[in-house]
Amino acid sequence: MVRLGVDSQARVRVSGPVNLPNGRSWDFAAGLQALAYTGNFYGALTAGPTTMGLTSKSVGATALVSVGATTF
C-alpha cells in the first residue's frame, strides 16, 4: 500500500533576545511525503523546502528517508 501526504514543522522564538543562527526568530521545514508499507515493514520519503539549519536567510531543500519495521 502507498499513502501520500504532507509533513511539516515550524518553530518560533517566543521570548529572549537570541535568534537562530540565520538571524530569524522562526524557521520551518515542509514537504510532500510518500509512505509505502507491507506487512510489518514500511518506508517513507519526505522532501521539500526548509529554512532550518541554515546560516543564511535563503531557503534550502531537505529530504528524509525512513525505513523500519514493527513487531506487533
Quick check on residue 30: is it in contact with a Gly (Cβ under 8 Å, 6 or more places away or on another chain), over 23 Å from residue 69 (Cα atoms) and in contact (Cβ under 8 Å) with a residue 24 or more places away in the chain? yes
Among all residue pairs at least 6 apart or on different chains, which show Cβ distances below 7 Å where the first residue, located in the range 1-12, is surrounded by 11 or more Cβ atoms within 10 Å (Cβ to Cβ) and the second is small (Gly, Ala, Ser)? 7/31; 8/29; 8/30
Would you check if there is a residue in the range 20-28 being in contact with a strand residue (DSSP E or B) (Cβ under 9 Å, 6 or more places away or on another chain), at pLDDT 95 or above and among the hydroxyl-bearing types (Ser, Thr, Tyr)? no
Sort out which residues of the range 49-58 are surrounded by 14 or more Cβ atoms within 10 Å (Cβ to Cβ) and in contact with a Pro (Cβ under 8 Å, 6 or more places away or on another chain), and write them in order of number. 54
Got a sec? Which of 39, 68, 31 is surrounded by 14 or more Cβ atoms within 10 Å (Cβ to Cβ) and of a type outside the set (A, V, I, L, M, F, W, C)? 31
Looking at (1) over 27 Å from residue 3 (Cβ atoms); (2) surrounded by 15 or more Cβ atoms within 10 Å (Cβ to Cβ), which is the one condition that is false for residue 46? (1)
Looking only at residues that are over 18 Å from residue 56 (Cβ atoms) and either touching a Gly at 6+ places or on another chain (Cβ under 7 Å) or not hydrophobic (A, V, I, L, M, F, W, C) (or both) in the range 14-27, which one is surrounded by the most Cβ atoms within 10 Å (Cβ to Cβ)? 16
Mind telling me which of the residues 16, 43 ends up being on the phi > 0 side of the Ramachandran plot and not basic (Lys, Arg)? 16
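The values are calculated or read from the model by the stated rules, or taken from the named source; none is laboratory data. For clarity, every value in this text was computed on a predicted model and none was experimentally measured. For neighbour counting, all protein chains shown are included, and Cβ atoms are generated from backbone atoms with ideal geometry for every residue, glycine included.
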